[in-house]
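Here is the structure we will look at, set down as structure tokens.
Bear in mind these aren't lab numbers, they're just calculated from the coordinates by the rules spelled out. This structure is a prediction, so every number in the text was calculated from the model and none was measured. Methodologically, a virtual Cβ is constructed for each residue, glycine included, from the backbone with ideal geometry; neighbour enumeration extends over all protein chains shown.
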């Protein structure tokens with residue numbers, strides 16, 4: 001493998017050694033926040049949801065934050081390959097720098113994004129929420145205390161306080177921001193989340209036709225870039241922000257879930273929260289990921305992509321008004337990422353533990 005690297009926790013490696021890896025072994029698939037970086041996972045998503053998992057029949061929990069929530073919700077559509085390809089196209093071509101002849105402000109970005117979501121999901125909401133096999137979990141961050149109102153000065157003070165609190169003790173950040181998970185409705189009785197919640201204060205809310213769009217938009221609402229979604233139906237009152245703030249890369253405790261966790265990710269590190277990016281000591285694996293198989297691009301392969309990196313939000317500034325140039329480099333990157341999917345498909349035919357690295 002040249003483009004793809006496979007990592008696994010100790011229990012996942014043991015499983016592969018004894019059983020190989022079949023689609024029926026998978027119980028959870030997470031989708032991280034990370035903006036345009038998630039584009040590199042498009043071909044993997046289309047193979048996994050469009051071909052590989054289609055050969056199995058078990059229930060699978062899909063957990064997503066920000067662009068990961070958009071990816072996981074799209075995977076629940078009736079034609080996942082087609083829908084995921086449309087997601088890739090729509091994300092690549094979004095343009096807020098040239099919005100109506102000027103750079104869009106947070107209110108305009110939020111309004112445009114809401115229109116895009118309405119166009120994208122349209123009449124598919126029930127289809128997504130009531131998938132016969134997949135149960136969707138959308139992670140959002142609920143603002144509390146001084147962050148319970150969308151005012152610039154309160155946000156600046158609140159996020160400064162959240163950063164300092166998080167630096168001392170991550171669970172204490174729930175004084176400022178709480179994890180709220182919107183889950184696909186259940187038919188008979190409440191179903192537990194596919195991860196434990198002892199690590200951080202958490203509430204679970206049922207998705208419905210009245211809150212689906214708000215939950216997805218809230219999970220994608222970046223502070224200071226967009227506006228939060230206020231008072232989502234059926235959920236605690238307050239402003240809902242990007243799920244990546246509390247759970248940047250979904251470093252969650254999946255150990256009690258049924259089956260293995262298969263994690264297509266854009267890097268090896270699974271960083272707990274957005275405010276943990278500077279704290280390198282929090283970037284390593286923990287026992288939470290013992291049953292996890294992580295798929296990530298090889299850093300040496302990434303260097304061969306345009307600008308020697310994955311697509312990211314800095315490209316909006318780099319290319320400014322030159323939409324055509326940004327679209328071109330992002331399309332080159334996503335086209336190259338087909339190699340990752342092809343290498344994973346090849347490895348699945350004869351799973352070789354020698355090619356699996358430790359998730360450490």
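What does the helix-only formula give at 222 nm for the chain: each DSSP H stretch with n ≥ 4 adding -39500 (n - 2.57), the total divided by the residues, and the result rounded to the nearest 500 deg cm²/dmol?
The helix-only estimate for the chain comes to -10000 deg cm²/dmol at 222 nm.
Specify whether the C-alpha gyration tensor of the chain places it in the rounded, prolate or oblate class, a ≥ b ≥ c being the square roots of the eigenvalues: rounded for a/c under 1.5, otherwise prolate if a/b is larger than b/c and oblate if not.
Rounded is the answer for the chain, as its axis ratio a/c remains below 1.5.
D for region 1-42, whole µm²/s, Stokes-Einstein with Kirkwood Rh over alpha-carbon pairs at 4 °C and 1.567 mPa s: what number?
Details: Rh = 12.7 Å.
Estimated via Stokes-Einstein, D reaches 102 µm²/s.
Calculate the spin-label point distance for residue 203 paired with residue 99, positioning each point 7 Å from the Cα along the beta-carbon direction, and give it in nanometres.
Those two pseudo-labels are separated by 2.8 nm.
Please compute the Kirkwood hydrodynamic radius over region 294-343, one decimal place, Å, based on all pairs of different Cα atoms.
Roughly 11.6 Å, rounded to one decimal.
PRE reach from residue 79 (point 7 Å along Cα→Cβ): which of region 33-68 fall under 20 Å by backbone N?
42-55
Let me see the pair-distance distribution of region 198-282: every alpha carbon pair, 5 Å bin width, integer percents in order.
Taking every Cα pair in region 198-282, the percentages come to 3, 12, 18, 21, 21, 15, 8, 2, 0.
Roughly how many nanometres apart are two label points built 7 Å out from the Cα toward the Cβ at residue 55 and residue 108?
Result: 4.9 nm between the two label points.
Please provide three numbers in whole Å: the alpha-carbon extents of region 1-109 along the principal axes, with the largest listed first.
59, 28, 25 Å, listed from the longest principal axis down.
What distance in nm lies between label points placed 7 Å from Cα along the C-beta direction at residue 350 and residue 225?
Simple spin-label model gives 4.3 nm for this pair.
Cα gyration tensor of region 262-320, axes a ≥ b ≥ c as square roots of the eigenvalues: rounded (a/c below 1.5), prolate (a/b > b/c) or oblate?
oblate
Rounded, prolate or oblate for region 138-278? Axes are the square roots of the Cα gyration tensor eigenvalues, ordered a ≥ b ≥ c, and the cut-off for rounded is a/c under 1.5.
Oblate, because a/c is 1.5 or more while a/b does not exceed b/c.
Give the separation of the Cα centroids, region 266-317 to region 136-156, in Å.
25
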